[in-house]
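Every read-out reported here was derived from the displayed coordinates using simple, explicitly stated rules and does not represent laboratory data. It should be emphasised that the depicted structure is a prediction, and the values quoted were computed from it without experimental measurement. Please note: Cβ atoms are built from the backbone with ideal geometry, for glycine as well, and neighbour counts cover all protein chains shown.
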């Protein structure tokens, strides 16, 4: 096991229900330790990153069980505040446990997090926010040692609207005395989902979705049942796949409002799209046209996580499309692999220029990161013949079963 075999060059058609959001469930799993009781999460995707979070929770002393359609977390017995290096290395998002552990125990010890290598993603913003709330943090030997005899709410301003720093600050603020106001907060829908979860638990949080989030600390919590929001990046991947290969797809269980920049780009490229209720329908003839420059930006701008899959969708487009990556430095690691298919892509710093080609041919590719791996799948579906994609563990960090979903659309795809 460990590689995908995909035979492309054929249209796709069918209906897919979108899984729960990876970027939403991970901070929610960290938040479960704020309550000395039980949490039930519906629409929780079974991903490598979720399993890593489950192992962290178990290490902390929580009881975690999968039921038929939900994940149950009982944090009543949590009695540890350290996360070992082997668990932290599994994913970059593991740092989100810092604020929650500190909130509950007043101390935390973690190693530096792992995950995809997308260039510098310093956690300085996380640590600066926690220090403003009263935490003392020492960094040495690759470990973070945090103590807070008393967390105190305050007004703190993030120098950048970092999603992770906003979430960490929200979780730590739940254990503060008084009110915390987070200015220049990230506005992503996943932060609104975290707020909804915290409020269902009994916390008082408001403002998520805007640039100002307020948290009233030290509220009484209670058991909670929560349904995780749909994954907008998974949805963007499947829309891009059908746009590239041609055919028709109906995505169900999705909030089309969260995908407006992606669907606008695909519409400009020539796809016919209808959105309404909890569904998006897309039809494509497989030969798209170039679009205006795509510039990634914090929400509500074009999501950096969808940049690679949209790029893959435009490999056979008529004309030239420019991508400007404004979030991560190394977000073009998939380009060399896509060029193995016959794509014409030129990169200079943060700019990638995609010149559409008439034909793509199946090739062997190697995943370098989660979203780049998904882009290789999209490219393989548009290419004639068989493609082999290795190191698919990266893809499995964010997609519950991407091959199952693609086979529902009629794709010829298997894992070996």
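Annotations for the structure displayed:
- Value of Rg/Rh across segment 264-416 [Cα atoms, Kirkwood radius]: 0.94
- Stokes-Einstein translational diffusion, segment 22-227 - Kirkwood Rh over all Cα pairs, 1.567 mPa s, 4 °C, in µm²/s: 79 µm²/s
- In degrees, nearest ten, helix 163-173 long axis to first principal axis of the chain (Cα): 20 degrees
- Part-to-part distance (alpha-carbon centres) for segment 321-391 and segment 198-215, which is given in Å: 38 Å
- Going from the residue with the fewest nearby Cβ atoms within 10 Å to the one with the most, 15, 368 rank 15, 368.
- The angle between the Cα long axis of helix 189-201 and the longest principal axis of the Cα atoms of the chain comes to about 40 degrees, rounded to the nearest 10.
- Cα Rg, Dmax, the chain, angstrom units: 21.3, 64
- Here is the P(r) of segment 22-82: all C-alpha pair distances, binned every 10 Å from 0, give 24, 62, 14, 0 in whole percents.
- A straight chain from residue 36 to residue 143 at 0.36 nm per residue would run longer than the Cα-Cα distance by 35.8 nm.
- Segment residue 272-residue 69, extension gain: residue separation times 0.36 nm, minus the distance between their alpha carbons: 69.7 nm
- Between helix 370-382 and the chain: long-axis angle, C-alpha atoms, 0 to 90°, nearest 10: 20 degrees
- Relative contact order for segment 301-416, counting Cα pairs under 8 Å that sit 6 or more residues apart, in percent: 25 percent
- Per the Debye calculation on segment 119-200 with a single equal scatterer at every Cα and no solvent contribution, log₁₀ I(q)/I(0) for q = 0.19 Å⁻¹ amounts to -0.85.
- When shorter helices are ignored and each DSSP H run of at least 4 residues is given -39500 (n - 2.57), the per-residue value for the chain at 222 nm works out to -8500 deg cm²/dmol.
- When you work out D = kT/(6 pi eta Rh) for segment 1-102 at 10 °C and 1.306 mPa s, using the Kirkwood radius from C-alpha pairs as Rh and the Stokes-Einstein form, the result is 105 µm²/s.
- Between residue 79 and residue 218, the distance separating the two model label sites (each 7 Å from Cα on the Cα→Cβ line) works out to 2.6 nm.
- Separation in nanometres of the label points that stand 7 Å from Cα toward Cβ, at residue 58 and residue 3: 3.1 nm
- Ellipsoid semi-axes in whole angstrom, largest first, where each is sqrt(5λ) of the Cα gyration tensor of segment 1-41: 37, 14, 8
- Between residue 211 and residue 393, the distance separating the two model label sites (each 7 Å from Cα on the Cα→Cβ line) works out to 4.1 nm.
- Using C-alpha pairs below 8 Å separated by at least 6 residues, the relative contact order for segment 22-227 is 20 percent.
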